[in-house]
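First comes the structure, then the notes that go with it.
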Amino acid sequence: MRFWLRTEEMALEGMVQRLNAVSRHTDEIMHQDIVPLCAVDIQDQLKKRFAYLSGGRGQDGSPVITFPDYPAFSEIPDKEFQNVMTYLTGIPSLQDAGIGFILVIDRRRDKWTSVKASVLRIAASFPANLQLVLVLRPTGFFQRTLSDIAFKFNRDDFKMKVPVIMLSSVPDLHGYIDKSQLTEDLGGTLDYCHSRWLCQRTAIESFALMVKQTAQMLQSFGTELAETELPNDVQSTSSVLCAHTEKKDKAKEDLRLALKEGHSILESLREPQAEGLEPSVNQDQLDNQATVQRLLAQLNETEAAFDEFWAKHQQKLEQCLQLRHFEQGFREVKAILDAVSQKIATFTDIGNSLAHVEHLLRDLASFEERSSVAVERARTLSLDGEQLIENKHYAVDSIRPKCQELRHLCDQFSAEIARRRGLLSKSLELHRRLETSMKWCDEGIYLLASQPVDKCQSQDGAEAALQEIEKFLETGTENKIQELSAIYKEYECILNQDLMEHVRKVFQKQASMEEVFHRRQASLKKLAARQTRPVQPVAPRPEALAKSPCPSPGIRRGSENSSSDGALRRGPYRRAKSEMSESRQSRGSAGEEEESLAILRRHVMSELLDTERAYVEELLCVLEGYAAEMDNPLMAHLLSTGLHNKKDVLFGNMEEIYHFHNRIFLRELENYTDCPELVGRCFLERMEDFQIYEKYCQNKPRSESLWRQCSDCPFFQECQRKLDHKLSLDSYLLKPVQRITKYQLLLKEMLKYSKNCEGAEDLQEALSSILGILKAVNDSMHLIAITGYDGNLGDLGKLLMQGSFSVWTDHKRGHTKVKELARFKPMQRHLFLHEKAVLFCKKREENGEGYEKAPSYSYKQSLNMAAVGITENVKGDAKKFEIWYNAREEVYIVQAPTPEIKAAWVNEIRKVLTSQLQACREASQHRALEQSHSLPLPAPTGTSPSRGNSRNIKKLEERKTDPLSLEGYGGSAPLSKPPEKGKGWSKTSQSLEAPEDDGGWSSAEEQINSSDAEDDGGVGPKKLVPGKYTVVADHEKGGPDALVVRSGDVVELVQEGDEGLWYVRDPTTGKEGWVPASSLSVHLSQSGSAQCLSSSESSPGSAVLSNSSSCSEGGQAPFNLQA
């Protein structure tokens, strides 16, 4: 850099010196250093022509200055006369001027006095050397005579350094100066035009001034360029280079014009003086041509000096621009490489599965591919820097360290990528070995599970099974992990705590599987080695036959009897031995069966973990390969307008789902690897977290709609190409929906193989919970499709059920015509049962694809559950039931698609009404207790209201101790003590009959006297009533004789047992068993009349369950449900 600055300074100094020389030489050429006058300055004086330089020369080459006849010569001011003399004497060359001037004074028409004055004035003011003064005296006789006499007498007045010769005529003048050197007015032939001479002199001097000013301008311009401070950025440097280039071009244009002007002057000087004649060029004209040529040479020298300087200055600016480009590229590349280094520093994960490692390797390859552009750019920039150094750039000291740093960063990146790839390759190798070992174990498990136990009892079957096992064990050499310590040592560079634990578990699984194989092998060897005892016939001895050839019948009979006795005696022993053998075999079979179930459980658990890891990897792949790329500025140009700010719509809460599974659920699942039958607990502990799937599924229609609009966007195609996915993004967006449905299948499989295990109940509960979540998700998908509802659906409580039904209406206030039409033409309605209301909507199918084909529901009306009652059976159709409102002011006959759906809806509505009734009772009891503390002591009269209230309060307190008593389902009639276990039904058992009129179950709180309620019956033990019962609570626990039932099942009562157990039969399956009596409720469809349940609150009094139609219409006694 310093060397370059010194070089530029030297170039500037050289140009300045050369241009100063040009200016100096120009002055010398024009004699400006001696006579600083120009024709343009004294142009008016020169135009008077009282003296002129014709270009003539004397015999010795002396310049001739002619003073023509000028009457007003004496009136010329001295200053003007002096300037003209000075200018004219300065025109000839120094050599000619040194010889001396010849003055020709023409005074032929003047007077002697004027001649004398002119000569004296010229002699006194002439600034140069004089050689000869020739005076043409007056031609008049008197004046000529006077001049002769006066000149003789006044000779001393004309004492000059040169002689003054008085000439009488022009021919006398020719004796001193040749006619060719005199103008025509002096009898000569010299062609002279004063105006032309004046124009030529003005042009030459103007050109000389132009040459001098051009040199000075280029000198100042060069100084300005050299003193310009170089910018530090590319844009400013480019601007400076452009500005300097423009100024240079303008200066070059000025030079071109000056040269053109000089050549034009030179051509005008060389033009012939007369057409067709040889030009007569005098010495002054030749001198003028020489002057112009010398000025042109100086101008060329000026241009050469400036061009040399500009070449160096331009080189400096171009190198500066190259440096700024290099520095800018260096900053950009270094920033990118620093970011790449920081990014690669985050690649610390070595993978927790084979799929994960493969994904990490793909990510690393993709990252390397994306980073290769920056690395290649860095290497190219380094080569550019090296080229600048080779081209002798002035900033070598700045460029070389940057090139070295770029090469170092590129090498460092390549080394780190290679190191990471080596670690991941090691991890891939280890996981492949682990995967191979686990696959080998699974194949072994399948082999053991596929060997039937009964066939292995024979020798041939045992030998065949033994050969299968031995053949399989031979494959373990290349498939299983040999030594754990060797694995730890070989893969020490990648082993972390989690991976070591995974290796240990795989090795432990392998060891456990081998142990099972060895036990099975030993058992099969025993079975294969077992030999049956040979039966050898024994012939009777001849001696015995000879001694008794004909035994008596009595003896024969005795013998036979003794033989039979022996057989009888041997019979129990053999039978006991056979039973013991069968018992041992059954125990062995049971042990092997349990072992096979354990193997199958481990297989299901392995599938659960493998699919969970793959699921997590797929989510991560989508989030990093698609969602994160939507925020990548380098990919912004590929995004369509419709995708801007729509990442949350397209992906929903997938990131939240990923973090839950990756950070929590997968790790907790791995804790149950050794005890898969307990995995239900893991699901139960995290069941609330699975609610995040409801949010994802609710957003799915919006996501699919956006995908259909933008699926052909180049952004998705580029991301799919980078990820090397065969399927498009929409397939991966469906993964969470598929995963939440997959869990219930895996839990069913696990439950099937864990019936008698410790965690079976947890598995069943987890399965039910997952199914509940799926139902809630499905219901919520329908719920968000409701349109036209003004209120907040969240205020209606939890959505319990939803489905499509045929509905007839029958309203008391309706018109007859409408009622008749309603009975024949049902409306298709979609019902939504909430905790606080039931909504009637009209289902509308939508046209479109995917989720756009999902129906929407137009809201029609809603019924508050506080005023709703139900009639479970409608005559003539087992699929119909009634929902009535406000004491049957509005009746809706609802027809379900199947009886099962109807039973489920009726059961769910009953639960809602029952819960409302229970809440009403507790509130009533609370109010009654508050009143009991505030009222005075009751009067002794039994009919007084206070007495009735006190009895009611006491009864309410008794009820409060058992809030789930049958008062939630029926009246308060006294119940008898349950009979002992084993007691059957008698023919006189009480039958359950209902009035013929339509009856209804409701929780309507009517204003009744508490004493009346007490007379009807109080709370007592459950009464044994034959008939059908509805299960109100799931029952799965119990002994071998227990019957597994679900809420909503209908069973028939067979017999009453002890400890609150009833023996019932399931009419659907025909199975029988014991269930708790508290889990049963009288089946409301036993009676021919339709019974119904309502929760209408009409007053804050105590609540009872009654036949509302009987009370309101039939006038009969209330029907109380007892169970």
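Okay, here's what the table says:
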quantity: Angstrom value of the Kirkwood radius, inverse mean 1/r, which spans all Cα pairs in the stretch 175-270; calculated: 17.3 Å
quantity: Shape of the stretch 887-927, Cα gyration tensor, a/c cut at 1.5; calculated: oblate
quantity: Efficiency of FRET from Cβ geometry, LEU484 and VAL1044, R₀ 35 Å, rounded to 0.05; calculated: 0.15
quantity: Amide hydrogen neighbours beyond the local backbone of ALA837, cut-off 5 Å, H modeled; calculated: MET865
quantity: Cα gyration tensor shape for the stretch 714-789, rounded if a/c is under 1.5, else prolate or oblate; calculated: oblate
quantity: Contour minus Cα-Cα distance for ARG196 and GLN213 (0.36 nm per residue); calculated: 3.6 nm
quantity: Rounded to whole Hz, the Karplus (6.51, -1.76, 1.60) HN-Hα couplings of the stretch 121-126, x for glycine and proline; calculated: 5, 5, 5, 7, 10, 6
quantity: Other-chain or far-sequence residues with amide H under 5 Å of LYS860's (modelled H); calculated: PHE840, CYS841, LYS842
quantity: The stretch 638-743, accessible surface, carbon-and-sulfur percent (1.4 angstrom probe); calculated: 45 percent
quantity: Neighbourhood charge, 13 Å Cβ-Cβ cut-off, centred on TYR753 and excluding it, Lys, Arg +1 and Asp, Glu -1; calculated: -1
quantity: Relative packing of peptides 887-900, 426-439 - highest average C-beta neighbours within 10 Å first; calculated: 426-439, 887-900
quantity: Cα radius of gyration and Dmax for the stretch 327-386 (Å); calculated: 14.5, 47
quantity: Rh (Kirkwood; distinct C-alpha pairs) - the stretch 290-358, Å; calculated: 17.7 Å
quantity: Where the stretch 377-444 is the region considered: accessible area per residue in Å², 1.4 Å probe; calculated: 51 Å²
quantity: Semi-axis lengths, Å, the stretch 378-440, gyration tensor of Cα atoms, sqrt of 5 times eigenvalues; calculated: 46, 8, 5
quantity: Rounded, prolate or oblate (a/c below 1.5 giving rounded, otherwise prolate when a/b exceeds b/c) for the stretch 633-702 by Cα gyration tensor; calculated: prolate
quantity: Per-residue ³J(HN,Hα) for the stretch 375-392, Karplus 6.51 cos²θ - 1.76 cosθ + 1.60, θ = phi - 60°, Hz, x for Gly and Pro; calculated: 5, 5, 5, 5, 5, 5, 5, 5, 5, 4, x, 4, 5, 4, 5, 5, 7, 6
quantity: Stretch gain in nm, segment ASP254-ALA72, where the contour uses 0.36 nm per residue and the Cα spacing is subtracted; calculated: 61.1 nm
quantity: VAL1054 versus HIS811: modelled label distance in nm, points set 7 Å from Cα along the beta carbon direction; calculated: 5.1 nm
quantity: Spin-label pair ASP307/GLN861, simplified geometry with 7 Å Cα→Cβ offset, distance in nm; calculated: 10.5 nm
quantity: Label point distance in nm, GLN17-LYS825, each placed 7 Å from Cα along Cα→Cβ; calculated: 11.8 nm
quantity: Compactness of the stretch 348-418, expressed as Rg and Dmax over alpha-carbon positions, Å; calculated: 17.2, 57
quantity: Theoretical FRET efficiency, 1/(1+(r/R0)^6), r = Cβ-Cβ of SER731 and ASP648, R0 30 Å, to 0.05; calculated: 0.90
quantity: Among the listed pairs LYS439/LYS509; LYS343/LYS647; LYS455/LYS526; LYS334/LYS402; LYS248/LYS312, those beyond 18 Å (Cα-Cα); calculated: LYS343/LYS647
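The values are calculated or read from the model by the stated rules, or taken from the named source; none is laboratory data. Note that the coordinates shown come from a computational prediction; the quantities given were computed from them, not determined experimentally. Every residue, glycine as well, gets a Cβ built from its backbone with ideal geometry; the counts of neighbours run over all protein chains shown. Each accessible area value is taken on the protein alone, full model and side chains, heavy atoms only, with ligands, DNA and RNA left out. Shrake-Rupley method; radii C 1.70, N 1.55, O 1.52, S 1.80 Å.
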